[in-house]
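A.B. asks: Submitted below is the structure of interest, expressed as structure tokens.
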């Protein structure tokens, strides 16, 4: 292959892989958007009896692969596989997810910490509050978007 043909082949390789990576990133962004929408809905909850939007257990994120080097001149193209998004079914929220803001306000330190751990957020930093129970409850409330 001549130099321009190699450059064109390398460009096509890189572009094809970038499009594949963008499809995966878009899928991951849509998953993140679903979580953000639940947090936004919870941010509007003002009264104890108002229901909370359940934040599903952690959703699947598809790892974004690195772009492999282009094939040697004259070698077969190294194309990415077709991206078939996984079926997105919202996982159920943890069993003791509070249904209302009132239930959230009644969570114990242990219950709030267990909920944070269920979301993979055991070290979520709450604002400074006085008691460990309030600190854990506040951390969980902030995580799901509820203003206390």
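A.B. asks: Specify the angular offset, from 0 to 90 degrees and rounded to the nearest 10, of the alpha carbon long axis of helix 3-43 from the longest principal axis of the alpha carbons in the chain.
C.D. replies: 10 degrees
A.B. asks: Taking Rh as the Kirkwood radius computed over C-alpha pairs, what is the Stokes-Einstein D of segment 18-68 at 25 °C in a medium of viscosity 0.890 mPa s, expressed in µm² per second?
C.D. replies: Numbers: Rh = 12.9 Å.
Estimated via Stokes-Einstein, D reaches 190 µm²/s.
A.B. asks: Right, here's the next one. Relative to the present Cα-Cα distance, how much length would full extension add between residue 22 and residue 36 at 0.36 nm per residue of separation?
C.D. replies: Details: separation 14, 0.36 × 14 = 5.04 nm, distance 2.03 nm.
Contour length minus Cα-Cα distance gives 3.0 nm.
A.B. asks: Then there is this: Enter the angle in degrees (range 0 to 90, nearest 10) between the Cα long axis of helix 109-118 and the first principal axis of the Cα atoms of the chain, meaning the one along which they spread out most.
C.D. replies: 20 degrees
A.B. asks: Now a separate question. Would you calculate a helix-derived [θ] at 222 nm for the chain, using -39,500 (n - 2.57) for each DSSP H run of n ≥ 4 and dividing by the full residue count, to the nearest 500? The partial results should precede the final answer.
C.D. replies: Working: 4 runs with 69 residues, N = 148.
Calculated at 222 nm, the ellipticity per residue is -15500 deg cm²/dmol.
A.B. asks: Estimate the FRET efficiency between residue 108 and residue 48 by the formula 1/(1 + (r/R0)^6), using the beta-carbon distance for r and 22 Å for R0, to the nearest 0.05. Write down the numbers at each step before the final one.
C.D. replies: Details: r = 17 Å, r/R0 = 0.77.
Computed FRET efficiency for residue 108 and residue 48: 0.85.
A.B. asks: Rounded, prolate or oblate, given the Cα gyration tensor of segment 3-144, with a/c below 1.5 counting as rounded?
C.D. replies: Cα axes put segment 3-144 in the prolate bin.
A.B. asks: For helix 132-144, report the angle its Cα long axis makes with the longest principal axis of the Cα atoms of the chain; keep it between 0 and 90° and round to the nearest 10°.
C.D. replies: Taking the Cα atoms of the chain, the angle to 132-144 is about 40 degrees.
The numbers here are math on the coordinates, done by the rules we state, and not lab data. What you see is a predicted model, and the numbers here were worked out from it, not measured in a lab. Positions of Cβ are generated from backbone atoms using ideal geometry, with glycine treated the same way; all protein chains shown enter the neighbour counts.
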